[in-house]
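Just so it is clear, none of the values below were taken in a lab; they were calculated from the coordinates. All of these numbers come straight from a predicted model, not from anything done at the bench. Note: ideal-geometry Cβ built from the backbone for every residue, glycine included; neighbour counts use all protein chains shown.
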Amino acid sequence: MLNITLDIDYGINDNERTNEIIFVNYSFGKAHKIDKAILSLKEYNFSKITFLTHGFRNNISHIERFKLAKNYIDKYARAKLIVTNRLHVAFPCLVLKTPVILINY
């Protein structure tokens, strides 16, 4: 969370964004009204959806963990929208200027 206190622009140009919408640790069907509300957002095309989870094996090195984290950040920076129930995903998206929907269910 330190990244939101730094005066550094991590964002990318809008022309570098993909049309990908990423759901991180989000399960459709848990809250049907929320699912319906998200999918009804007309400014987003939900044809390119990716589902991610932050689970990983416990026996990977710190170096590998940092590589994974950097890959996630790079992916979030280029996404059109992130939908998550994780604060540790939502806060970096704010810094990256990537639209994010934080769900608390």
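Can you pick out the pairs among Lys36/Lys97; Lys42/Lys80; Lys75/Lys97; Lys30/Lys97 whose Cα atoms lie more than 19 Å from each other?
Exceeds cut-off: Lys36/Lys97; Lys30/Lys97.
Taking 0.36 nm per residue of sequence separation and removing the Cα-Cα distance, the Ile63/Lys30 pair yields an extension gain of 8.4 nm. Considering only the other residues whose Cβ falls under 15 Å of the Cβ of Ala90, what net charge follows from Lys and Arg at +1 and Asp and Glu at -1? Computed value for this residue: +3. With Cβ to Cβ distances under 9 Å as the rule, what net charge do the other residues near Asn19 carry (K, R +1; D, E -1)? So the environment of Asn19 carries a net charge of +2.
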